[in-house]
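Colleague: The structure's right below; bear with me while I get my questions together.
Nothing in this text is a laboratory measurement; each read-out follows from the coordinates by a stated rule. Please read these numbers as outputs of a predicted model, since none were measured by experiment. We place every Cβ from the backbone using ideal geometry, glycine too, and count neighbours over all the protein chains shown.
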Amino acid sequence: MKRLWILSVLLVMTLSAMKVFASISAAPDFSLKDPQGHTVSLKDFRGKYVLVNFWAIECHPCREEIPSFAKLAKGHPEIVILSVDVWDAKVTDAQLLDFAKRNGITYTVLRDSQNSLAGAYAVQSIPATFFINPSGSIVGRYNGGIDWQDQEGRDLVDRFLSDRIVGFSE
């Protein structure tokens with residue numbers, strides 16, 4: 001009986017580990033337009049650390065992240081931040097550009113008006129941030145809003161920049 005219990009525990013631990021490692025995969029490539037009409041592709045940033053953040057103007061937690069993302073962008077120029085606006089089909093490019101300027105967004109804002117990229121990344125709620133390492137693999141995902149300047153946010157960034165698996169939040 002004890003042997004069966006130990007085998008059960010080992011099986012659960014193995015399956016849990018497999019879930020984490022199965023989540024590490026090549027990031028789906030994409031090409032999206034910014035509000036000025038310029039095309040930006042993920043492959044353009046190969047060899048760099050990239051955060052892909054899915055958000056929407058009407059999402060309160062998304063808006064709360066903006067100031068800390070701006071500070072993160074300023075404090076870590078080695079990280080490329082691609083902020084992908086989703087679920088805002090009625091928002092025009094001009095409105096998105098105006099929103100970015102009024103809210104101090106200094107990093108790249110892109111449109112996913114058809115939500116195809118959100119689908120490719122299996123985004124079910126926003127904000128959602130993906131950590132993509134220089135070789136193009138997703139090494140972490142954070143679901144929900146976070147202050148990138150507090151201890152939890154800094155720890156995630158530190159793990160990311162030290163080429164460790166960041167982790168995958170549910």
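Colleague: If packing is taken as the average number of other Cβ atoms within 10 Å across a peptide's residues, how do 123-133, 141-151 rank, most packed first?
Modeller: The packing order, highest mean first, is 123-133, 141-151.
Colleague: Filter LYS43/LYS90; LYS48/LYS74; LYS48/LYS90 down to the pairs with a C-alpha to C-alpha distance above 22 Å, please.
Modeller: Distance filter (> 22 Å) returns LYS43/LYS90; LYS48/LYS90.
Colleague: With a ≥ b ≥ c taken as the square roots of the eigenvalues of the C-alpha gyration tensor of region 118-161, please select rounded if a/c is under 1.5 and otherwise prolate if a/b is larger than b/c or oblate if it is not?
Modeller: Because a/c hits 1.5 or more and a/b fails to exceed b/c, region 118-161 counts as oblate.
Colleague: Right, here's the next one. Check each of the trypsin sites (Lys or Arg not before Pro) in region 63-139 and keep only those in coil by DSSP with at most 10 other C-beta atoms within 10 angstrom; list them in order.
Modeller: LYS90
Colleague: Also, quick follow-up: Using a 7 Å offset from the Cα along the Cα-to-Cβ direction at both ASN143 and ASP158, what is the distance between the two label points in nm, to one decimal?
Modeller: 2.6
Colleague: Pop a pseudo-label 7 angstrom from the Cα along the beta-carbon direction at both SER41 and LYS71 and give the gap in nm to one decimal.
Modeller: Between SER41 and LYS71, the label points sit 3.6 nm apart.
Colleague: ALA94 versus ALA26, label points 7 Å from Cα toward the beta carbon: distance in nm?
Modeller: Spacing of the two 7 Å Cα→Cβ label points: 4.1 nm.
Colleague: Here's something else I'd like to know. Can you give the FRET efficiency for ALA122 and HIS60, using 1/(1 + (r/R0)^6), R0 = 25 Å, r = Cβ-Cβ distance, to the nearest 0.05?
Modeller: 0.65
Colleague: If you plug each phi of region 127-136 into the Karplus form 6.51 cos²θ - 1.76 cosθ + 1.60 with θ = phi - 60°, what whole-Hz ³J(HN,Hα) values come out, in order, with x for Gly and Pro?
Modeller: Each residue of region 127-136 in turn: x, 9, 10, 10, 9, 10, 7, x, 8, x Hz.
Colleague: Now for a different question. Once a ≥ b ≥ c are taken as the square roots of the eigenvalues of the Cα gyration tensor of region 20-72, is the result rounded (a/c under 1.5), prolate (a/b larger than b/c) or oblate (a/b not larger than b/c)?
Modeller: Oblate, because a/c is 1.5 or more while a/b does not exceed b/c.
Colleague: OK, next. Please identify every one of the GluC sites (Glu not before Pro) in region 47-78 that sits in a loop by DSSP and has no more than 12 other beta carbons within 10 Å of its own beta carbon.
Modeller: GLU58, GLU78
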